[in-house]
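Novice: One structure is given below, represented as structure tokens, and several questions about it will come after.
The values are calculated or read from the model by the stated rules, or taken from the named source; none is laboratory data. Being a predicted model, the structure only gives us computed values, none of them experimental. Here the Cβ is made from the backbone with ideal geometry for all residues, glycine too, and neighbour counts use every protein chain on show.
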Amino acid sequence: MMQVLQPPEWAAPRGFANGIAVRGGTTVYIAGQVGWTGAGAWEAKDFAGQFRQALRNVMEVLAQARGRPEHIVRLTWYVVDRGEYLAALKPVGQAYREIMGGHYPAMSVVQVSGLVEVLARLEIEATAVIPDSFRTEGKP
């Protein structure tokens with residue numbers, strides 16, 4: 001259902017895919033998620049903590065369509081401070097692997113001048129494709 005697109009002469013990417021082709025399935029578009037809980041509480045003020053919560057939020061929304069991490073085909077991160085992002089790479093990578101496992105979709109990280117939620121250090125949006133066979137087999 002999903003095929004990683006990697007030109008043979010290109011260096012292998014680390015932590016993302018250059019492209020993903022998908023055949024069949026239900027497409028799910030997940031709005032930008034910030035690092036607050038589902039109840040709207042800010043439990044983390046630091047970049048890594050907000051990243052962990054924002055990615056959890058993405059997964060909770062995806063679960064409503066019975067999707068799982070391996071169904072995500074694209075992630076876009078909007079970060080307020082590139083330096084803060086780079087300084088947090090180790091804990092961010094750890095949180096990513098805990099939540100997403102070894103699945104690396106097409107991904108972009110963009111520095112922005114600000115986000116609507118003033119306390120937010122980043123926002124993550126996602127696109128996923130859930131195979132029709134997965135949804136009809138009654139899998140969680």
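Novice: What's the total number of residues in segment 18-77 that are of a type in the set (Val, Ile, Thr) and touching a Lys or Arg at 6+ places or on another chain (Cβ under 8 Å)? Reasoning before the result, please.
Specialist: Kept after step one, since they are of a type in the set (Val, Ile, Thr), are these residues of segment 18-77: 20, 22, 26-28, 30, 34, 37, 58, 61, 72-73, 76.
In the following step, the residues that additionally are touching a Lys or Arg at 6+ places or on another chain (Cβ under 8 Å) were identified as 20, 26.
Of the residues in that region, 2 qualify.
Novice: Name the single residue that is modelled with the highest pLDDT among those in segment 13-60 being hydroxyl-bearing (Ser, Thr, Tyr) and touching a helix residue (DSSP H, G or I) at 6+ places or on another chain (Cβ under 7 Å).
Specialist: Among residues in segment 13-60 that are hydroxyl-bearing (Ser, Thr, Tyr) and touching a helix residue (DSSP H, G or I) at 6+ places or on another chain (Cβ under 7 Å), the one modelled with the highest pLDDT is Thr37.
Novice: Taking the condition of being more than 15 Å from the chain's Cα centre (by Cα) and of a type in the set (A, V, I, L, M, F, W, C), how many residues in segment 48-85 meet it?
Specialist: 2
Novice: I need the full set of residues from segment 21-60 which are surrounded by fewer than 19 Cβ atoms within 10 Å (Cβ to Cβ), of a type in the set (A, V, I, L, M, F, W, C) and in contact (Cβ under 8 Å) with a residue 60 or more places away in the chain, in order please.
Specialist: Answer for segment 21-60, where residues must be surrounded by fewer than 19 Cβ atoms within 10 Å (Cβ to Cβ), of a type in the set (A, V, I, L, M, F, W, C) and in contact (Cβ under 8 Å) with a residue 60 or more places away in the chain: Val22, Ala31, Trp36, Trp42.
Novice: Filter segment 61-79 down to the residues that are surrounded by 17 or more Cβ atoms within 10 Å (Cβ to Cβ), assigned to a loop (DSSP other than H, G, I, E, B) and either of a type in the set (A, V, I, L, M) or modelled with pLDDT under 95 (or both) and list them by number.
Specialist: Of everything in segment 61-79, just one residue is surrounded by 17 or more Cβ atoms within 10 Å (Cβ to Cβ), assigned to a loop (DSSP other than H, G, I, E, B) and either of a type in the set (A, V, I, L, M) or modelled with pLDDT under 95 (or both), namely Gly67.
Novice: With of a type outside the set (Phe, Trp, Tyr) and farther than 20 Å from Pro13 by Cβ as the only criterion, which of Gly102, Gly83 stands out?
Specialist: Answer to the check: Gly83.
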